[in-house]
Amino acid sequence: MSQDSAPTADPLQEIEATTADADAGLAAVTNADELEAFRIQFLGTKGRVKGLMKLLGKVPGDQKKAVGQGVNALQKRLQSAFEEKKQALTAGATEAADAIDVTEPGVAPPVGNLHLLLRTADELTDLFGRMGFDVASGPEVEDEFHNFVALNIPEQHPARDPLDNFYLADPPEGRDEKHLRLLRTQTSTVQIRVMQTQPPPIRVVIPGRVYRPDTHDDTHLSMFHQLEALVVDENVTMVDLKSTITQFVHAYFGPETKMRFRASFFPFTEPSAEVDVFFEDKQQWIELGGCGMVHPNVLTACGIDPTKYSGWAFGFGIERIAMRKYGIPNIRLFIENDVRFLRQF
Ligand code: DAH
């Protein structure tokens, strides 16, 4: 029925027909354009409701009231149905805007990474692997034989002072107090275990955790990590030791790195030295650890003939190495586990 169509005989019937058409029309509306077309058709200035209002003038007096009320009610009804539909369509549009856009690049989930110390240990064993070294390991709870006796550290040596070691309260089953166990203070213990089980030639590195009741400061913790190295073969000399360590320092920290060997003393090496690397960030030397030619007593304790074989060894702090490599000012950062620190590596 068009808006210009001639009035039917009965205006009330015409109102009813318009109502039915409008209901059906609105139900079919699915978007804003169709809704606007509906509004123009029924509620516009030339729309069907306006057409019905014009009819009023021609309606006989006794019907005027009923027709007038009918048209008003129809207009109100369509107006509110129109508003309702409009809101429903807008809400739909917002929902659509909120919907997932599957073509949008995703937000990457956070991915964990190796702790810097593990990574450094891996880098070191890789590097020494390329220089022909195998990797060995040993227990963190040790006996006095491996931690001291076999390493030429006699009973009265100050290193065995209970105040300088984490002794366990219980002697191992069936043994007396002379065989106390302790948390190892050095990875040198594993040198003994390797030499006891493997004939020369030996060429190993040993990354591991060690424990000492040290006072904590910027470079000391009571638990830290060492990288031990041991080479035993015929005709091994101090030249091999110095050249291997120098090669390592230059390969790992860069060829320009300033380093020095300082004469030192360890019961299990003779001669002994300490290795320092210059820490540019702090403008000071940082001590990586000790090294030396394996003492003949140590070889003998492990059943290796010192007249036939010689060896060299070192034990460096992995934290120290990582501090120098990555410019880390304080050793405590390794154990605080602040992800803002850890994520940088
Ligand atoms: N074990 C020594 C320490 O913890 C470091 C060390 C010195 C290891 C000399 C060695 C070595 O293998 O030859 O202080």
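The values are calculated or read from the model by the stated rules, or taken from the named source; none is laboratory data. In this text, all values refer to a predicted model and were calculated from it rather than measured experimentally. Neighbour counts run over all protein chains shown; Cβ positions are idealised from the backbone, glycine included. The area values use the complete protein model at the heavy-atom level, side chains included, leaving out ligands, DNA and RNA. Shrake-Rupley method; radii C 1.70, N 1.55, O 1.52, S 1.80 Å.
Computed values, structure above
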read-out: Search result, residues across segment 310-327 that are farther than 22 Å from Phe148 by Cα and either open to solvent by 10 Å² or more (accessible area, probe 1.4 Å) or within 9 Å of the ligand (Cβ to nearest atom) (or both); value: Arg320, Arg324, Lys325, Tyr326, Gly327
read-out: Condition check for Phe148: open to solvent by less than 40 Å² (accessible area, probe 1.4 Å) and either under 27 Å from Asp305 (Cβ atoms) or within 16 Å of the ligand (Cβ to nearest atom) (or both); value: yes
read-out: Qualifying residues in segment 42-87 (those that are part of a helix (DSSP H, G or I) and of a type in the set (Val, Ile, Thr)) - the one surrounded by the most Cβ atoms within 10 Å (Cβ to Cβ); value: Val71
read-out: Pairs with Cβ under 8 Å, 6+ apart, first in segment 130-144 and open to solvent by less than 30 Å² (accessible area, probe 1.4 Å), second part of a loop (DSSP other than H, G, I, E, B) and hydroxyl-bearing (Ser, Thr, Tyr); value: Gly138/Thr187
read-out: Lone unmet requirement of (1) of a type in the set (A, V, I, L, M, F, W, C); (2) at pLDDT 90 or above; (3) more than 13 Å from the ligand (Cβ to nearest atom) for Ala169; value: (2)
read-out: Residues (open to solvent by 80 Å² or more (accessible area, probe 1.4 Å), under 30 Å from Val204 (Cβ atoms) and among the acidic types (Asp, Glu)) located in segment 88-129; value: Asp126
read-out: Residue within segment 180-195 that is at pLDDT below 95, over 30 Å from Asn330 (Cβ atoms) and more than 37 Å from the chain's Cα centre (by Cα) present; value: yes
read-out: Single match in Thr103, Thr90 (criterion: assigned to a helix (DSSP H, G or I), hydroxyl-bearing (Ser, Thr, Tyr) and within 60 Å of the chain's Cα centre (by Cα)); value: Thr90
read-out: Every residue from segment 24-41 that is hydrophobic (A, V, I, L, M, F, W, C), open to solvent by 60 Å² or more (accessible area, probe 1.4 Å) and not in a helix (DSSP H, G or I); value: none
read-out: Any hit, segment 201-224, residues being part of a loop (DSSP other than H, G, I, E, B), of a type in the set (A, V, I, L, M, F, W, C), open to solvent by less than 70 Å² (accessible area, probe 1.4 Å) and over 30 Å from Leu168 (Cα atoms); value: no
read-out: Scope segment 270-295; condition over 15 Å from Ala229 (Cα atoms) and either assigned to a loop (DSSP other than H, G, I, E, B) or within 14 Å of the ligand (Cβ to nearest atom) (or both); matching residues; value: Glu270, Pro271, Asp276, Glu280, Asp281, Lys282, Gln283, Glu287
read-out: Test: Val298 is away from the ligand (no atom under 14 Å from the Cβ), open to solvent by less than 10 Å² (accessible area, probe 1.4 Å) and under 22 Å from Pro207 (Cα atoms); value: no
read-out: Count - residues of segment 228-269 that are within 10 Å of the ligand (Cβ to nearest atom) and open to solvent by less than 60 Å² (accessible area, probe 1.4 Å); value: 9
read-out: Meets criteria (under 20 Å from Ile318 (Cα atoms) and part of a helix (DSSP H, G or I)) for Phe128; value: yes
